[in-house]
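The values are calculated or read from the model by the stated rules, or taken from the named source; none is laboratory data. Just so you know, these numbers come straight off a predicted model, no measurement behind them. Don't worry about glycine lacking a Cβ; one is built from the backbone with ideal geometry, like all the others, and counts go over all protein chains shown. When the accessible area is computed, the model is the full protein with side chains, heavy atoms only, and any ligands, DNA or RNA have been set aside. Shrake-Rupley method; radii C 1.70, N 1.55, O 1.52, S 1.80 Å.
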Amino acid sequence: MLDLGGEYQLFADEIRAAIDTVLESRQFIGGPAVAELEKALSSRVGSEHAVAVSSGTDALLCTMMGLDIGHGDEVILPAFTFFATAGSVARLGAKPVFVDIDPRTFNVDPVKIEAAITDRTRAIIAVHLFGQCAEMDAVNAVAARHHLTVIEDAAQAIGATYHGRPAGALADAACVSFYPTKNLGGFGEGGMIFTNDEHLAGIARQLRNHGESQRYVHERVGGNFRLDTMKAAILLVRLRYLDEFTKRRRDNAARYNALLDKIPVTTPYVPAHQKAVYHQYSILCDRRDELRSFLQERGVHSAVYYPVPLHLQKCFASVGCRRGSLPVTEQICDRILSLPCHPMLSDKDLRYVASGIHEFYERLVPTCAATSDTRGAAQPRSVNLRQD
Ligand SMILES: Cc1ncc(COP(=O)(O)O)c(C=O)c1O
C-alpha cells in the first residue's frame, strides 16, 4: 500500500541534512523547526493559528480539552473512521454519538446530524475520510443553528479542498496527523491543530506542555503533547514534496477511474466542488474478501479501512448502538476495499492492479457484472459515479 523506501530515496540527502542541523543545534524540544512547521502549514491551510502536537490523536484530544468537553457532554461523529476520532471523545469522559454516513462519499451525512442533537451536544467532528472533505457547508449550517462547535478530523486530508478552500480551515478547529502512512507522513508520530480562534490556540499551546502558562505555573492540567524538533525538521523536508506527491495520487486515482470503468465495482465519488487527495483510493465491491485474496495471490496488496464500524466496537457498547443502527456504515464496511494509490506507483503497476480486478470478475464471478450495485440507492445501477 506504500513505498516508503522508494519515497525516502528521493529526499534522503535533504533529510540527513535536516537531522544534522538539529543534532548540531542540540535543541531537541521546541526550537525553530517546530515554529517553522507551524508557520508553513498555517499559511498553506489558511488558518491563523497552528499548534504542533505529538499525534493526530493528541490533536483531537487537546482541541476538545481546550473546548472543555468532558463528562456529561455529547459529541456527534461518524462511526466510519479510525478509532482515534471516537476514542478521544470517550477518553475525556464525553459520549460519542455515532451517526450514519453518505453512501457515496463515505463521510458524515449532515441530515443525520440534526436528528442526533440533544441538549448535551457540544460539538460535531466531521471526518474527511480517505482524503476527501465532508460536506462542510451543510455540517456548519446545522452546527450554527444549534450553537455547536465543529472540529474537522483532517488527519487523512491535508491538501484536499472544498469549494477551493483547504481542509483544515473549514470549521472552528481542525486536526491533522503526521503518522508515517499519512500523505504528509513524518518519521514517527506527530500532529497539528489549526484554528482561527486565538483563545483556543493559546489554551492548546499550554495544554501540550502540561498546561504551563509560564515556567512552572500551571493554569490547567495538560499533558506532554509536544512535537519533537527532529520530527518537525523532517516534516519540513517532506512538505516540499507534498504537492508533487498529491498530484501523483490524483493522477493515479484518475487512471484507476478509467481502468476500472467497465468493471463492476464502484469507484470514488468526488463532487465537483471538491478535490480529494486520495489518502486512500477506495472502491465498493461484491465478494470483497475473495477479491482481496485473489489480488494477494498476484502480489497486489489491498486493505480494508474499516472492517468493524466504531458503533459496534465492544468498548463503545455503552453508547447503545447495535447491528442495524447505522445501516449505510455497516454496508460500506462490508464492501469497501482500498487499492494501492501511493505516489511511487507506475502506470504498469496501476494496470496490473486493475487487470487483477478485471480478471476476478470476468473469470471467477461472471454473474457479478449483473448484480453489482452502486453507491446510494438513488443512483442507477452499474454506473461509476465520479466527477473530479
Ligand atoms: C481519521 C483519523 N483520525 C485520527 C487519526 C489519529 O492520528 P494519529 O495516528 O496521528 O494519532 C488518524 C490516523 O491514524 C485518522 O486516520
Residue list for segment 130-155, filter: away from the ligand (no atom under 16 Å from the Cβ) and either under 25 Å from residue 304 (Cα atoms) or crowded, with 22+ Cβ neighbours inside 10 Å (or both) | 135, 143
Find all pairs meeting these conditions: Cβ atoms under 9 angstrom apart; at least six residues apart or on different chains; first residue within segment 1-19 and under 24 Å from residue 229 (Cβ atoms); second residue charged (D, E, K, R) and surrounded by 15 or more Cβ atoms within 10 Å (Cβ to Cβ).
-> 7/238; 11/238; 15/238
Residues located in segment 82-102, provided they are touching a strand residue (DSSP E or B) at 6+ places or on another chain (Cβ under 8 Å) and either among the basic types (Lys, Arg) or away from the ligand (no atom under 15 Å from the Cβ) (or both) | 94, 95, 97, 99, 100, 102
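Can you tell me how many residues in segment 266-299 are more than 19 Å from residue 254 (Cα to Cα) and touching a residue at least 40 places away in the same chain (Cβ under 8 Å)?
9
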Criterion (within 13 Å of the ligand (Cβ to nearest atom), touching a residue at least 60 places away in the same chain (Cβ under 8 Å), open to solvent by less than 20 Å² (accessible area, probe 1.4 Å) and within 16 Å of residue 317 (Cα to Cα)) met by exactly one of 52, 79 | 79
State whether one or more residues within segment 55-72 are closer than 22 Å to residue 235 by Cβ, open to solvent by less than 10 Å² (accessible area, probe 1.4 Å) and more than 17 Å from the chain's Cα centre (by Cα).
-> yes
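Does segment 1-8 contain at least one residue that is in a loop (DSSP other than H, G, I, E, B), touching a Cys at 6+ places or on another chain (Cβ under 9 Å), modelled with pLDDT under 95 and closer than 18 Å to residue 184 by Cβ?
yes
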When the residues of segment 118-129 are filtered to those that are surrounded by fewer than 24 Cβ atoms within 10 Å (Cβ to Cβ) and not in a strand (DSSP E or B), which remaining residue is farthest from the chain's Cα centre (by Cα)?
-> 119
Just a yes or no: is a residue in segment 330-337 in the same structural domain as residue 250 (by TED's automatic domain parsing), closer than 14 Å to residue 98 by Cα and touching a residue at least 12 places away in the same chain (Cβ under 8 Å)?
-> yes
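Yes/no per residue for (1) under 24 Å from residue 162 (Cβ atoms); (2) more than 20 Å from the chain's Cα centre (by Cα); (3) away from the ligand (no atom under 16 Å from the Cβ):
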position	(1), (2), (3)
270	yes, no, yes
277	yes, no, no
280	yes, no, no
291	no, yes, yes
297	no, yes, yes
310	yes, no, no
325	no, yes, yes
329	yes, no, no
340	no, no, yes
Those residues of segment 172-201 which are away from the ligand (no atom under 14 Å from the Cβ) and open to solvent by 30 Å² or more (accessible area, probe 1.4 Å), in sequence order | 172, 196, 197, 198, 199
